[in-house]
Every structure is written in C-alpha cells, then in structure tokens.
1. R0 = 25 Å: FRET efficiency of Phe134 with Ala276, Cβ-based, nearest 0.05?
2. Provide the gained length on full extension for the span Leu265 to Val161, in nm with one decimal, where the gain is 0.36 nm per separating residue minus the Cα-Cα distance.
3. Kirkwood Rh, the chain, all Cα pairs: how many Å?
4. How would you rank His228, His261, His43, going from fewest to most other Cβ atoms within 10 Å of each one's own Cβ?
5. Could you give the length gained on full extension between Arg252 and Glu66, defined as 0.36 nm per residue of separation minus the Cα-Cα distance, in nm?
6. Would you work out if the range 98-250 is rounded, prolate or oblate? Take a ≥ b ≥ c from the square roots of the eigenvalues of the alpha-carbon gyration tensor; rounded if a/c is under 1.5, else prolate when a/b is larger than b/c, oblate otherwise.
7. Shape of the range 156-231 from its Cα gyration tensor (a ≥ b ≥ c, root eigenvalues): rounded if a/c is under 1.5, otherwise prolate when a/b > b/c, or oblate?
8. Give, as a single signed number, the net charge of other residues whose beta carbon lies under 13 Å from the beta carbon of Asp227, with Lys and Arg counted +1 and Asp and Glu -1.
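Rule-based calculations on the coordinates, nothing more; no lab input. Note that the structure is a prediction, hence the values are computed from the model and not measured. Here the Cβ is made from the backbone with ideal geometry for all residues, glycine too, and neighbour counts use every protein chain on show.
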Amino acid sequence: MRISLALALPVVFLGCAQPATPKAASAGAIGVYTSDQSGFDTHTYFYDTGKEVVVFDAQFTPALAEKAISAIRARTASPIHWVVVTHPNPDKFNGASAFQAIGAKVVASKATAAAIPGVHAYKKAFFVDVAKMFTSASYPAEARVDVTFEGTFSLAGGAVVLRELSHSGVSSTQTIAVVPDAKALFVGDLVHHRAHAWLEGAIVGGQPRPDLDAWIGALDELRGFSDHMVHGGRGATGKVEDVVPAQQDYLRGARAIVKAHVAALPDKTVLRGAGAGAEWKAIAAKVGAAYPGHELGYLVEYGVYGLALSL
C-alpha cells in the first residue's frame with residue numbers, strides 16, 4: 001500500500017502510524033488512499049465536510065476497499081455516506097460492496113451504471129480465464145449502484161457536485177466531482193498526471209473501444225475550472241492549466257508511437273497471436289522513453305493492446 005497526500009485545503013495524511021481511535025478532521029479535509037500494484041496503484045480520494053465523508057472511486061477489490069475504509073476511519077469520525085464511481089472501470093467499482101457493508105451509498109451516472117455489467121463480464125473473463133489471478137468464485141461480484149443520475153447531482157448538501165461530461169473520456173462515460181469550497185476536481189482516470197495511462201479504452205459490446213479524441217475532448221471540459229486542483233485516478237495532483245495540456249500531449253504522443261509501431265509490423269496478426277506480449281513490451285518501452293519522467297510504466301504494457309488493435 002502506498003499512502004500519499006492530496007493538495008487542497010486542510011489535508012489529511014494517511015501514514016503508516018495510524019491513531020488508535022479516529023479523530024475529527026477539519027471541515028474541508030481531502031485525503032487519499034493509494035493501493036499497491038495489485039490494485040493498479042489506484043487512488044481513492046475522500047472529502048470530509050466535517051459532518052460526512054464522500055469517497056471517490058471504490059478500488060479494485062473489496063479487500064482493498066476495506067483498507068481504504070480503515071485509513072479514512074483512522075483520520076475522521078465523520079461517517080462515510082457516499083461513494084462516487086467516476087467511470088465504469090473495475091478499479092473504480094469492484095470494491096463498492098465493502099462501502100455498502102458499512103452503510104454508504106454508491107452513486108454513479110445512469111450511463112456508468114448501465115455499462116458496469118458488460119465491463120464486469122469482460123474483466124472477469126480476463127482475470128479468471130486468461131490472467132488466472134482469480135477463480136470465478138473469488139473475483140469480486142458485480143457492483144450494485146444505489147443512486148443514479150443524469151446531468152448533475154449534488155451530494156452532502158451541495159458540498160460536492162457531480163457532473164457528467166459530454167465526452168466519454170477514458171471509458172464509455174465520464175463523471176467528475178466538483179468541490180467548490182475546496183476548488184477541487186476529482187476525475188478518476190481521466191487524468192494520470194506524471195504517470196502513464198491505461199490505453200485500453202471503453203469496453204463496449206465485449207470489445208475494447210479506445211477513443212483518444214473523446215478523451216482529449218473530455219479534458220478540454222476541465223478548462224472551465226481554471227482555479228481548481230485536479231485529483232486524478234493515478235499520479236500527482238496539479239492545477240487544471242498544467243494537468244490538461246500535459247495529459248493531452250501524452251495521449252497524442254502515445255497514439256503516434258503506437259500507430260508508428262503497428263504500421264511498421266510486417267505481419268499485423270502478431271498483435272492477436274502468442275507473440276503479442278512482446279509487442280506490448282516493445283511499445284511500452286518506446287512510450288517510456290518518450291516520457292521518462294512518468295511513473296507506472298506497466299500500465300502501458302497492460303492496457304495498450306486496445307489502442308494497438310484499434311489502429
């Protein structure tokens with residue numbers, strides 16, 4: 001487990017030496033629990049209003065979600081009331097049941113809720129049958145969403161405003177959470193600031209459907225929050241004016257690298273054969289060389305197949 005700090009108003013450290021009993025955090029505190037690589041280095045952020053806690057994204061497994069809950073509870077006595085799923089990827093929704101077990105409600109856009117069953121089936125098949133990381137019984141059950149919305153939706157008395165973006169972003173649909181008092185945006189994997197991105201794309205009809213132009217367009221929608229800090233699903237926090245162009249540059253650059261690599265292959269069928277893994281490693285190495293300051297290079301190797309096959 002890695003624990004890091006979200007830059008915002010009063011900040012909450014989730015360090016290794018936890019207090020024996022929870023303390024009341026200051027109203028407006030933002031904290032983050034980060035999984036290790038077994039959970040794909042995923043950030044779960046939380047915002048404490050002083051009366052209740054809103055959590056953003058639920059981790060890859062219920063066990064990791066329980067660690068996030070323990071870390072939050074060690075820092076505040078405020079009850080966890082809401083868990084926001086920003087988009088339909090398993091590291092955002094698989095851990096939902098752990099939060100529901102303590103009485104929290106899971107909220108997502110109607111589009112995200114509708115996409116979860118298909119994504120869950122696709123990912124379960126991969127992690128059980130291909131990667132052999134789980135059995136059918138041990139893979140997390142399909143997440144259940146308690147509250148859905150369209151357009152915008154307010155939580156915690158308006159302290160948090162959820163907003164569907166008009167562009168699909170990293171997946172088939174994208175929600176951001178705006179916390180006006182903290183001037184903070186929680187955007188899931190729409191942003192991997194100074195970290196490599198998962199380039200698989202949306203899972204639609206049982207197939208990866210990456211749309212980097214839609215992802216770039218979704219990032220443009222953040223420009224209207226120029227005085228806000230962006231808290232992404234992985235990587236560092238940063239100002240909108242720094243994060244947005246950097247992420248767009250990365251996506252354009254990665255696409256160009258993948259496109260050139262695929263075009264140079266004399267036999268494109270290798271991308272679907274036994275030798276595909278070597279191609280993903282080669283592409284990841286090229287992207288890593290182009291962006292040497294970025295962390296989490298394994299994400300390219302794991303996810304680039306979607307972008308490569310689409311090209």
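1. The formula returns an efficiency of 0.70 here.
2. 32.8 nm
3. Working: mean 1/r = 0.0512 Å⁻¹.
Its Kirkwood hydrodynamic radius stands at 19.5 Å.
4. Least to most surrounded, the residues fall as His261, His228, His43.
5. 63.3 nm
6. Oblate shape, in that a/c is at least 1.5 and b/c is the bigger or equal ratio.
7. In terms of gyration-tensor shape, prolate.
8. On the way: positive: Lys183, Arg223, Lys239; negative: Asp181, Glu241, Asp242.
That works out to 0.
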